[in-house]
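Report on the following structure.
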Amino acid sequence: MGVYAALVANHGMVAGHIVIGAVLFVALITVPPQGSPLLVQGSTAEFPAHMYEPLSPERLNLYRDDARRMFEHAFDSYMRNAFPHDELKPISGTWTDSLAELGNLNMSQLPEQYNGIALSLIESISTLAVLGNSSEFSKAVRWASENLSFKLDVRVNVFEANIRVVGGLISAHLLAIDESLSLMDDNGEPYDGALLHLATDMATRLLPAFESQTGVPYAWVNLQRGVLPTETTEQNTAGAGTFLLEFGMLSALTGDQRFMVAARSAMRALWRLRSPLGLLGNTLDVVSGKWIHPNSGIGGGSDSFFEYLLKCYVLFGDMECWKIFRGAYRAIQTYVFKNPWYVEVSMSSGKPMYLDAQGLQAFWPAVNVMVGDLPQANATHRAFFGLWQRYGVLPERHSLATDSVHPTERYYLLRPELAEATYYLYRATRDPFYLHAGRAIWEGIERLTRSKHGYASLRDVVTKEKEDRMCSFFLAETCKYLYLLFEDTSKWDRWVFNTEGHLFQLPYETAVSVRRAWHGLGNKSQTVAPTSLMCPNIEQVSKPQTTASSSAATEAEKKTCTESNCKSPCHVPDKNADFKCNDSGDCGIDAHTCIQRVCSKHNWCTTV
């Protein structure tokens, strides 16, 4: 079963669907006609015949072990030369404390006293789990639990801190408590949930960014002082809309609904700013809500917002996420897709503005796969893989108009996007072409970027000049996807990857509860216009067995809401507007599922 099929099947179990492969998604979304071909050079590539030949189990194991050794060379070098600083400098064998530098193009307002939070270790924990390295996994979990603190006077990019730190810690927590994986060894104290508390602490420090006039979060926040008075109001779509998974998981695991409400409010605020064509721009002002750069695409500044809409639906069964994704996806495939490439267009007219292939766009075939658009996924993947073969790696930006590398964005940062798409396509199709493509990706990285102390970014993909930089996502994503491609196991098919490659999963019982609470609590956000509300299709929700505590609502459970009024007759509001409670007597009946809400151990009303 392909990874997208397994993920959908998992959601189908929660939602009561019958799913075979990608049938659920194919049935739910009407794919628009393919975008008109873009008459530029370099749109097709020929591949040698051997790339279509099956691999023997022995060869596959060899490739898997090579991917493991790639990670081990990079991780071990980081631990020897840079830990507990943030990132390794792989040429000099030194370190950099980069948390405040992430997303900081001008390198402004950098802290004078900051010694790192072991960012690369946080990013590596989920990969150690995938590789089955329980000893190093256990050491990393225990060290982070005992030593990390975010009481820092440091200005951070909210998006980067969320996907790398919050996401990495949530994933590590889930992996550590999963008894079926048995990753925690007996050589120390049992794991006590400390990583979840750390993730919650970091996310709480990011929450002030969401207190803007539009509901679109600020891009930057100081971990001790919040949003500074002189802070920039410029933000991009991905930076504002990539919180649904991490914040949703925190609300599910802790009962603190502030995170879920903040993420959904940001999602809705962005979607309200779409053009009549259903397109979003790239960069906007979070105070005025006006677009600064109205170019629409799927590359840098936009990419992960769309990814999270879809994965929010897969992970939480959230129908509003699905509805918004469906509209956004249809607009992208109609206006942005120029077969086989994706370009940047005017959000108001849909006319092309920038004819470039960006390395960050190479993830999109994975989204196509999850939706069921395999022909389009295949076409775009092969176009990008053709560029990889030409340069040996993938440039940050390639001009489609001139069929040449971009004059300034000529670098390769060890990005994972093409490896990620290759993994998804192989899991979905079992076509050996993708195994050969993955091996070519590994060979390019190994041949052109390996250094004494790790793997170094390329400053120029033409001259192959190296740069003394190894981003933490190389450990979190690139190595992980290459290993998973060759390991060829269904072990992780029921986990959802965040945009940094960290693994999330909700148990069945929790998923059903969260699916209902997500609708009921999220819709109470004060920043949401009434016209943006939608009624979840509660007929697709599996109903739990009737118990004494819920028998009073048995008949009411059969009710549904209408599009014009999402309040059902069975609704009883919680006693307190902030959803806090002392006991279950303070909790009402959910408006969307007609299920009696109860007081959690964290003193929040929730649906179980």
Within the stretch 384-401, the count of residues that are under 19 Å from Pro352 (Cα atoms), out of contact with any helix residue (DSSP H, G or I) (no Cβ under 7 Å at 6 or more places or on another chain) and in contact (Cβ under 8 Å) with a residue 60 or more places away in the chain comes to 2
Selected residue (only one of Phe384, Phe306 is surrounded by 22 or more Cβ atoms within 10 Å (Cβ to Cβ), touching a strand residue (DSSP E or B) at 6+ places or on another chain (Cβ under 8 Å) and assigned by TED's automatic domain parsing to the domain that holds Asp460): Phe384
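Identify all residues within the stretch 449-482 that are part of a loop (DSSP other than H, G, I, E, B) and not hydrophobic (A, V, I, L, M, F, W, C); write none if there are none. Before you say what the answer is, go through the steps one by one.
Step one: list which residues in the stretch 449-482 are part of a loop (DSSP other than H, G, I, E, B), which gives 452-453, 456, 461-464, 468-469, 471-472.
The answer is Lys452, His453, Thr463, Lys464, Asp468, Arg469, Ser472.
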Consider Gly327 carefully, then state whether it is assigned by TED's automatic domain parsing to the domain that holds Tyr218, at positive phi, surrounded by fewer than 22 Cβ atoms within 10 Å (Cβ to Cβ) and not hydroxyl-bearing (Ser, Thr, Tyr). no
Check whether at least one residue in the stretch 80-96 is of a type in the set (A, V, I, L, M), out of contact with any Leu (no Cβ under 9 Å at 6 or more places or on another chain) and farther than 24 Å from Leu482 by Cα, and report yes or no. no
Identify the residue in the stretch 217-251 that is part of a loop (DSSP other than H, G, I, E, B), within 29 Å of Val141 (Cβ to Cβ) and not hydroxyl-bearing (Ser, Thr, Tyr) and, among all such residues, is nearest to the chain's Cα centre (by Cα). Phe243
Selected residue (only one of Ala428, Ala377 is of a type in the set (A, V, I, L, M), crowded, with 20+ Cβ neighbours inside 10 Å and in contact with a Pro (Cβ under 7 Å, 6 or more places away or on another chain)): Ala377
So Ala82, is it closer than 29 Å to Ser472 by Cα, of a type in the set (Gly, Ala, Ser) and in the same structural domain as Leu355 (by TED's automatic domain parsing): yes
So which residues in the stretch 100-147 are farther than 19 Å from Ala161 by Cα and of a type in the set (Val, Ile, Thr), if there are any at all? Val130
Take the conditions assigned by TED's automatic domain parsing to the domain that holds Ser457, in contact with a helix residue (DSSP H, G or I) (Cβ under 8 Å, 6 or more places away or on another chain) and within 12 Å of Glu307 (Cα to Cα) and apply them to Pro365. Does it pass? yes
Tell me which residues, restricted to the stretch 273-306, are touching a residue at least 40 places away in the same chain (Cβ under 8 Å) and among the basic types (Lys, Arg). Arg274
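Assigned to a loop (DSSP other than H, G, I, E, B), in contact with a Gly (Cβ under 6 Å, 6 or more places away or on another chain) and under 26 Å from His293 (Cα atoms), is that true of Thr214? So that I can check it myself, show each step before the final result.
Working: assigned to a loop (DSSP other than H, G, I, E, B): yes; in contact with a Gly (Cβ under 6 Å, 6 or more places away or on another chain): yes; under 26 Å from His293 (Cα atoms): yes.
Yes, satisfied.
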Scanning the stretch 146-170 residue by residue, those assigned to a helix (DSSP H, G or I), in contact with a Leu (Cβ under 6 Å, 6 or more places away or on another chain) and farther than 15 Å from Thr242 by Cβ turn out to be Leu169
Before we move on, is Lys323 farther than 28 Å from Ala383 by Cβ and outside any loop (DSSP other than H, G, I, E, B)? yes
Qualifying residue in the stretch 100-113 (condition: touching a Phe, Trp or Tyr at 6+ places or on another chain (Cβ under 6 Å) and in the same structural domain as Ser457 (by TED's automatic domain parsing)): no
Please pick out the residue among Arg274, Arg264 that is in a helix (DSSP H, G or I) and either within 17 Å of Val216 (Cα to Cα) or not acidic (Asp, Glu) (or both). Arg264
I'd like the residue in the stretch 61-117 that is surrounded by 18 or more Cβ atoms within 10 Å (Cβ to Cβ) and basic (Lys, Arg) and, out of all such residues, is farthest from Cys471 (Cα to Cα). Arg64
Ser399 fails exactly one of (1) in contact with a His (Cβ under 7 Å, 6 or more places away or on another chain); (2) under 20 Å from Ile445 (Cα atoms); (3) surrounded by fewer than 23 Cβ atoms within 10 Å (Cβ to Cβ), namely (2)
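Going by the structure shown, is Pro395 assigned by TED's automatic domain parsing to the domain that holds Glu465, part of a loop (DSSP other than H, G, I, E, B) and not hydrophobic (A, V, I, L, M, F, W, C)?
Values: assigned by TED's automatic domain parsing to the domain that holds Glu465: yes; part of a loop (DSSP other than H, G, I, E, B): yes; not hydrophobic (A, V, I, L, M, F, W, C): yes.
Spelling it out, Pro395 is indeed assigned by TED's automatic domain parsing to the domain that holds Glu465, part of a loop (DSSP other than H, G, I, E, B) and not hydrophobic (A, V, I, L, M, F, W, C).
Take Gly300 and tell me if it is assigned to a loop (DSSP other than H, G, I, E, B) and either at pLDDT 95 or above or out of contact with any strand residue (DSSP E or B) (no Cβ under 9 Å at 6 or more places or on another chain) (or both).
yes
Scanning for something among the polar types (S, T, N, Q) and part of a helix (DSSP H, G or I), does the stretch 344-359 turn up at least one residue?
Initially, the stretch 344-359 is screened for residues among the polar types (S, T, N, Q), giving 346, 348-349, 358.
Cutting the leftovers down to part of a helix (DSSP H, G or I) gives us none.
So far as the stretch 344-359 goes, no, none of its residues is among the polar types (S, T, N, Q) and part of a helix (DSSP H, G or I).
The values are calculated or read from the model by the stated rules, or taken from the named source; none is laboratory data. Treat the numbers as computed from the prediction; the structure is a model and nothing was measured. Every residue, glycine among them, receives a Cβ derived from its backbone with ideal geometry; neighbour counts consider all protein chains shown.
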